[in-house]
2 protein chains.
Amino acid sequence: MLATPQLARFTEPLPLACGTLLRDYELAYETYGTLNAARSNAILVCHALNASHHVAGEYAEAPGNTGWWDNMVGPGKPVDTDRFFVIGVNNLGSCFGSSGPASRNPATGRVWGAEFPLVTVEDWVDSHARLLDRLGIDRLHAVMGGSLGGMQALTWAIRYPQRVAHALVIAAAPNLSAQNIAFNEVARQAIMTDPAFHGGNFAAHATKPRDGLTVARMIGHITYISDDQMEAKFGRGLREGLKFSFDREFEIESYLRYQGEKFSEYYDANTYLRVTKALDYYDPARATGGDLARALAPATARFLIVSFTTDWRFSPARSREIVKALLAGKKPVTYAEIDAPHGHDAFLLDHPQYHGVVRAFLAGAAAAGHA
Amino acid sequence: MLATPQLARFTEPLPLACGTLLRDYELAYETYGTLNAARSNAILVCHALNASHHVAGEYAEAPGNTGWWDNMVGPGKPVDTDRFFVIGVNNLGSCFGSSGPASRNPATGRVWGAEFPLVTVEDWVDSHARLLDRLGIDRLHAVMGGSLGGMQALTWAIRYPQRVAHALVIAAAPNLSAQNIAFNEVARQAIMTDPAFHGGNFAAHATKPRDGLTVARMIGHITYISDDQMEAKFGRGLREGLKFSFDREFEIESYLRYQGEKFSEYYDANTYLRVTKALDYYDPARATGGDLARALAPATARFLIVSFTTDWRFSPARSREIVKALLAGKKPVTYAEIDAPHGHDAFLLDHPQYHGVVRAFLAGAAAAGHA
C-alpha cells in the first residue's frame, strides 16, 4: 500500500488550553482507503509519543519507511482499508510535519523553539476535529489509538460525542499516576539540563541536546517493555565478558544506548517536553472533581477498551478504571485484557488475539449497523 | 548513643577483582556496644548505595546527624548494643570516609577521580575482613545488611564461611535483573554526559556534575518507593494549579527534584558510578554457571532472608530465589516476607513486624547458643 503525506493549513485561530491562540498552523495527515458516498466509514487513528500521521503503507520514494501501525491498518487487516477510510494525523507540537517547536512561526519567520505553546490532548482533538471538517467528515465510524493515542480517542468520545460512533482505547489510562509523572519529569530534567538545550532555543544555536534526549529516551524505553521481556531478551548477557569499565558491557546497556542515540537523532527535544507534559496534564475527570463516570457522561460511542497483562506503564488496572466508569454510566463497552509478554509496547505488535478483538469489534459494529 | 568515627589504614596491598592491587587505603568505621571477652558478640553491618559507616547514634559535635539505621541498632533495639558489639564500615570507593575517588591517591598526592579502580562486592567483603583482623575478631556473630548491604552479607557467608555464624540478607537479590541494570545505566549516562563530569576528573576542574547526579538520583528514587506509596503520598497533587510551564507543577516533581538536588550536593559522582557497577556485577552464581545453590554450598551460617511485598526493585521473588537455593543445599534459613507499603526503602523503616523478626532471629540465635 502506498501512502502520501498531505498538509492542511488552518488560519482560523485555535484556542489552546494554556490560554494562547494558535493563529496559523498546519496539520500533516495521510489517508488510506476510500471515503464512501455517505461519508460514514472514516476511522481516525491517533498516535502516541514518537509516532506520526504515517500510520500505514510505504512512501513511493522511501519503500522501507513503513507506517507505525501497518500491521493493524491496511487491506484485509484488522482496520480494513478495503472497507474503511482511515485517517492518520500528526499532533500539533510534533516534529514530523504538523506545526511544532521545530517548525517556523509564520508570524516571525523564525523557528518556534521554546516559544511554541504547551498543547494538551484536548487541543489535539480540537485541531483534528477541524481537519475532519476540512475533509467533510461529520461523524467518525471510529476513533482509535494506543497509549496517548487511546487518551485522544477517549477525549473524542467525551468532547465530540455526536461525531464518534465507536472509540477504541488501547493500552491507555484515565490519567497518569505519580510514578508515570515522575518518569516524565526525570526525562525532562535530563533534556533541560543539557547545556545544548539553550532553554529550548537550541536551533538558534545550531545544536541539539542529544545527550539529554538520549537519557530521556532510555528512561522511557525501560517503561515501555516488561521486566520479564527485558529479562528474556537480554538478561545478564555480556557483550564480551566483564571489562571493569563504564563502556557498554551488558547487552541491555548496549541496546538502551542504541535506542536512545537513534531517537536523539530524529526527535525534537521541545516536542518531547511538550508530549510528556500533555500526558501529565491529561485528566478528563479533573473537571468533574475526579469522577470519571461523570466526565464520561456525554459520550454516546460504543467502546472497546484493551489492556495488556504485562503493561506496567498503564497497567490493566488503569484500563479497568475506564471500564468501570463506563459501566457505571451504563455505556456500551467491550473490555479485552490481552495476555502478552511485551509490556506497554504490546499495543504496537501483531498479536493474534489482540488483532482479532479489534477486527471483531469493528466488523461487529459494521454488521450491527452501528455505523 | 554517641558515635565516634574511626579510620584504619592498610598498607598491605589488596587485590581487587578488576586486577588492580590497591596498595594503600583507609576504611572508616564506627563501633557500638562492647566486644565481650570471648570476642564472640560482633555484628557487622554492611551499607547500601548512599549510606556509610555511620549506622547508629549521633556525633557529639553534630547532634542532628543520626546514623542511617538508628531505628535498628542501639541499646534495647532489634540489634541490641547492650548485648552485641556492632561494627559499621564504609565501603571502598565511597565518598564518606573510606578511600574512594574523592580522596587522595597516596602514591600521587592528587585526588583519585577517574583513576580510582572499579570495586566489587567481593572486594568490599575482603577489605572488611581485614578490618575484622585488625579488630581481633575472628568470627562474626552476624553479618547483616539491606539491599546492596544484604548482598555483602550473602557474600560474607560464601567467601568467609568460617567467620560468619549468622547472615541477615534483607531486601536483596541474588543478582540484578536486566531492568535493574537498565536503570543503573541510565543514571550513569546522565552523569557521564554532564559536561561538568570531565571524564571523572571534575575535581581537577573545581566543579561537580550536579545536574547529572540530580537526574541519576531522581531515577534511583523512583525505584526505591512503591507505585502505590508514591500515589498515596503525592498522587496528581499540584503545588499551585496548572501553570503550563516546565517549572515544578506537580508535587511529585517538586519532591523528586528536591531529593535529586540535595543528593547532588553531598554525593560523589564517581562513587555513584562505581556503586552502581558493583551492583551490576554482583552475581555470586557466575562462578558456578548460574547455580546459586552450588555457589552457596560453602556457607555454614544460619540465614535470615527478609523481603518486602511492595519492593519492585528487589521483589520478594528475588529473595525467594535465595531461599530456594539455601533450601536446596539444606542450609538453615528463616524467611520473612513483610507486608509493607513502602517499596524497597521499607528496609530502612521502623516496621514492627520486620524489626520483630530481626530481634527474634538474633535473640533466638543467642539463646540457642549458635554464637
**OP:** Taking the Cα centre of the protein assembly as shown as origin, sum charge times position over the Cβ atoms of Lys and Arg (+1) and Asp and Glu (-1), and report the length of that vector in debye to the nearest 20.
**Re:** 560
Subject >> Accessible-area order (highest first, 1.4 angstrom probe) of the listed residues A:Lys324, B:Lys243 >> reply: A:Lys324, B:Lys243
**OP:** Give the shape of the stretch B:270-371 as rounded, prolate or oblate, defined through the alpha-carbon gyration tensor: a ≥ b ≥ c are the square roots of its eigenvalues, a/c under 1.5 means rounded, and otherwise the shape is prolate if a/b is larger than b/c and oblate if not.
**Re:** oblate
**OP:** With a/c under 1.5 counting as rounded, go ahead and sort the stretch B:143-203 into rounded, prolate or oblate using the C-alpha gyration tensor (a ≥ b ≥ c being the square roots of the eigenvalues; past the cut-off, prolate if a/b is larger than b/c, else oblate).
**Re:** prolate
Original post:
Any idea what the relative contact order of the stretch A:1-97 is, in percent, if you count C-alpha pairs under 8 Å spaced at least 6 apart?
Top reply: 33
Original post:
Can you list the trypsin sites (Lys or Arg not before Pro) in the stretch B:107-175 that are in a DSSP coil and have 13 or fewer other beta carbons within 10 angstrom?
Top reply: B:Arg110
Original post:
Just going by the charge dipole of chain A, with Lys and Arg at +1 and Asp and Glu at -1 on Cβ, which of A:Ile305, A:Ala51, A:Leu242 is farthest out on the positive end?
Top reply: A:Ile305
**OP:** Please return the longest stretch of chain A lacking exposed loop sites, where GluC sites (Glu not before Pro) count only if DSSP places them in a loop and at most 10 other Cβ atoms lie within 10 Å.
**Re:** A:62-239
Original post:
Using a Gaussian network for chain A with springs between C-alpha atoms less than 10 Å apart, which of these wobbles most: A:Ala165, A:Ala157, A:Ala178?
Top reply: A:Ala178
Original post:
Among the chymotrypsin sites (Phe, Trp or Tyr not before Pro) within the stretch A:138-219, which fall in a DSSP loop and have no more than 10 other Cβ atoms within 10 Å of their own Cβ?
Top reply: none
Subject >> Fraction of the pair-distance distribution of the stretch A:117-158 above 16 Å, Cα-Cα pairs, percent >> reply: 35
Original post:
What's the long-distance tail for chain B, i.e. % of Cα pairs beyond 30 Å?
Top reply: 38
**OP:** Provide an ascending nm list, one decimal, of label-point separations from B:Leu327 to the equivalent residue in each further copy; define each label point as 7 Å from Cα along Cα→Cβ.
**Re:** 3.6
Subject >> Cβ-based charge dipole, the stretch A:150-211, positive-most Cα from A:Ala206, A:Ala190, A:Val169 >> reply: A:Val169
Subject >> Per-selection Rg to Rh, the protein assembly as shown - Cα, Kirkwood hydrodynamic radius >> reply: 1.03
Original post:
How much of the calculated P(r) for the stretch B:66-193 lies past 27 Å, in percent of all Cα pairs?
Top reply: 29
Subject >> Paramagnetic reach from A:Thr334 (point 7 Å along Cα→Cβ, amide N under 15 Å) across the stretch A:12-49 >> reply: none
Original post:
At A:Leu35, label 7 Å along Cα→Cβ: distances to the other copies, nm, ascending?
Top reply: 8.7
Original post:
Anyone know which of B:Leu22, B:Leu348, B:Leu118 comes out most mobile in the 10 Å Cα GNM of chain B?
Top reply: B:Leu22
Subject >> Inter-copy label distances at A:Asp138 (7 Å, Cα→Cβ; nm, one decimal) >> reply: 9.6
**OP:** Would you calculate, for the protein assembly as shown, the mean residue ellipticity at 222 nm contributed by helices, counting each DSSP H stretch of 4 or more residues as -39,500 (n - 2.57) and dividing by all residues, to the nearest 500?
**Re:** -10500 deg cm²/dmol
**OP:** With a ≥ b ≥ c taken as the square roots of the eigenvalues of the C-alpha gyration tensor of the stretch B:58-118, please select rounded if a/c is under 1.5 and otherwise prolate if a/b is larger than b/c or oblate if it is not?
**Re:** prolate
Original post:
For the stretch A:1-73, which trypsin sites (Lys or Arg not before Pro) are in a loop by DSSP, counting at most 16 other Cβ atoms within 10 Å?
Top reply: A:Arg23, A:Arg39
Subject >> Rel. contact order, % - alpha carbon contacts under 8 angstrom, at least six apart, chain A >> reply: 17
Original post:
Under 28 Å Cα-Cα from B:Lys233, which lysines qualify once same-chain neighbours fewer than 8 residues away are excluded?
Top reply: A:Lys277, A:Lys324, B:Lys243, B:Lys262
Subject >> Alpha carbon centroid spacing (whole Å) that separates the stretch B:135-185 from the stretch A:47-97 >> reply: 52
**OP:** Would you mind telling me which residue in A:Lys262, A:Lys330, A:Lys208 has the biggest mean-square fluctuation in a Gaussian network model of chain A, where springs connect alpha carbons within a distance under 10 angstrom?
**Re:** A:Lys330
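The values are calculated or read from the model by the stated rules, or taken from the named source; none is laboratory data. This one's a predicted model, so the numbers in the text were calculated from it and none came from an experiment. Heads up, the Cβs are rebuilt from the backbone with ideal geometry, glycines too, and the neighbour counts pull from every protein chain shown. In case anyone asks, the SASA skips ligands and DNA or RNA and just uses the protein heavy atoms, side chains included. Shrake-Rupley method; radii C 1.70, N 1.55, O 1.52, S 1.80 Å.
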